[in-house]
Amino acid sequence: MELRKDPVTQSWVVLGKRDSLGEAHDCPLDPEIVDKQPAILSYPAEGTWQVRVIAHPDPLYRIEGEPSRLAEGMYDKMGATGAHEVVIECRQHDKRMSQFSDEELDRVLSVWGARIADLKKDSRFKYVSIFKNQGALAGEEFSHAHSQITATIFVPRRLKYELSAAYDWYKEKERCIFCDMVRQEEKSGKRIVDVQGDYYALCPYASRVPYEIWVMRRRHNHLFEQPRAGSNRKHLAALLGRVLRRLEKVAPAFHLVVHTSPNTRSKKGELAGYWKTLADDYHWHIEILPIVEARSKSYSIKEVYFNAALPEQAAEQLRAIDPNS
Ligand SMILES: [Zn+2]
Ligand SMILES: [Zn+2]
Ligand SMILES: [Zn+2]
């Protein structure tokens with residue numbers, strides 16, 4: 001595996017062939033198999049685990065190596081140094097995240113946070129991504145409920161866009177762009193799908209796909225992995241569960257990503273400019289991108305998203321769905 005940077009778009013691309021794992025026989029994430037392998041983390045730590053983190057059996061990134069860049073004429077490349085882990089979210093093979101109890105969901109959220117915090121101790125890593133692809137249309141890698149974690153020596157491009165937009169907004173207004181967004185959405189209510197405590201689920205104003213949902217807390221915090229006092233993550237777990245149950249009625253698959261602040265232990269490279277106000281200008285959130293059948297109604301034309309569903313109508317429709325039925 002190697003990383004190459006597109007000098008025009010500044011995107012890093014992972015290049016190389018991966019083995020096809022296949023799931024012909026036993027599920028590689030079932031407890032009988034996983035219990036024979038070293039665990040990175042188990043939760044609960046004592047007794048029977050519900051959530052377990054293991055190294056990805058066919059990783060995109062490998063932990064060894066130094067992130068040194070090599071020039072190839074005008075181009076930049078690096079070895080694919082990083083971490084790639086699998087979070088097994090429950091022991092049962094046929095249980096989807098939407099079927100988890102609030103407590104089970106809360107445990108998954110805690111494990112995500114714990115892994116981000118731990119991986120950020122390694123100053124080589126500039127960003128830790130948590131993502132979940134559920135359903136064949138989302139390209140899920142295993143059918144067993146799981147999410148994945150990657151720690152990379154670069155900040156993914158989408159994050160860089162968000163960081164620089166948040167930085168610019170703050171520089172001009174001395175306010176967090178995400179806090180401003182939640183306040184406006186709160187006021188209008190049109191695009192809010194559900195609320196629990198301080199946590200909001202909303203269809204973003206410029207939704208890229210039908211039923212796109214962002215889940216965020218109305219109080220400011222740039223670090224998902226470091227809940228502030230009184231942030232009551234049980235509310236987040238309950239809200240996320242209801243959101244997933246609603247989405248299940250309208251879309252067979254989804255991508256979910258946690259967006260949190262990059263690693264400030266990493267002291268070199270492209271992050272430098274964002275540092276001073278990062279804690280004030282960036283705000284963690286979870287983005288869920290459902291995939292409606294066969295991408296018939298949402299696709300990108302000439303790289304501009306086209307979405308046939310207005311977020312106001314999507315939010316209204318999702319609000320009307322009973323998440324407990
Ligand atoms: Zn399984
Ligand atoms: Zn904020
Ligand atoms: Zn984001």
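Candidates are the residues of region 120-139 that are surrounded by fewer than 22 Cβ atoms within 10 Å (Cβ to Cβ) and closer than 18 Å to V53 by Cβ; the one that is nearest to the chain's Cα centre (by Cα) is F131.
Take S98 and tell me if it is part of a strand (DSSP E or B) and surrounded by 16 or more Cβ atoms within 10 Å (Cβ to Cβ). No. For region 169-179, a residue qualifies if it is outside any helix (DSSP H, G or I) and among the hydrophobic types (A, V, I, L, M, F, W, C), and exactly one does: C176. Of the listed requirements (1) free of Cβ contacts under 8 Å to residues at least 24 places away in the same chain; (2) in contact with a helix residue (DSSP H, G or I) (Cβ under 7 Å, 6 or more places away or on another chain), G65 misses just one: (2). Restricting region 275-298 to residues that are surrounded by fewer than 20 Cβ atoms within 10 Å (Cβ to Cβ) and at pLDDT below 80, the residue that is nearest to M216 (Cα to Cα) is W275. Filter region 153-164 down to the residues that are surrounded by 18 or more Cβ atoms within 10 Å (Cβ to Cβ) and within 16 Å of ligand 3 (Cβ to nearest atom) and list them by number. Scanning region 153-164 gives V155, P156, L159, K160, E162, L163.
Just one residue in the set P31, P7, P59 is more than 24 Å from the chain's Cα centre (by Cα), surrounded by 13 or more Cβ atoms within 10 Å (Cβ to Cβ) and not hydroxyl-bearing (S, T, Y); that residue is P31.
Selection within region 63-107: residues that are among the charged types (D, E, K, R), in contact with a Pro (Cβ under 9 Å, 6 or more places away or on another chain) and under 20 Å from A39 (Cβ atoms). The member of this set that is nearest to ligand 1 (Cβ to nearest atom) is R91.
Of all residue pairs spaced 6 or more apart or on separate chains, those with beta-carbon atoms under 6 Å, a first member in region 155-171 that is at pLDDT 95 or above and a second member that is polar (S, T, N, Q) and not in a helix (DSSP H, G or I) are Y170/T277.
If you filter region 128-152 down to residues that are polar (S, T, N, Q) and out of contact with any His (no Cβ under 6 Å at 6 or more places or on another chain), you find that the one that is farthest from ligand 3 (Cβ to nearest atom) is S143. Of the residues making up region 180-198, those that are surrounded by fewer than 23 Cβ atoms within 10 Å (Cβ to Cβ), touching a Leu at 6+ places or on another chain (Cβ under 7 Å) and not in a helix (DSSP H, G or I) are I192, D194, Q196.
One line per residue, one yes/no per condition, for (1) assigned to a loop (DSSP other than H, G, I, E, B); (2) under 19 Å from R115 (Cβ atoms); (3) not basic (K, R):
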{"position": "D26", "(1), (2), (3)": "yes, no, yes"}
{"position": "K36", "(1), (2), (3)": "yes, no, no"}
{"position": "A39", "(1), (2), (3)": "yes, yes, yes"}
{"position": "A45", "(1), (2), (3)": "yes, yes, yes"}
{"position": "V53", "(1), (2), (3)": "no, yes, yes"}
{"position": "A83", "(1), (2), (3)": "no, yes, yes"}
{"position": "E104", "(1), (2), (3)": "no, yes, yes"}
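The values are calculated or read from the model by the stated rules, or taken from the named source; none is laboratory data. Since the structure is predicted, the reported quantities are computational estimates derived from the model, not experimental observations. Neighbour counts run over all protein chains shown; Cβ positions are idealised from the backbone, glycine included.
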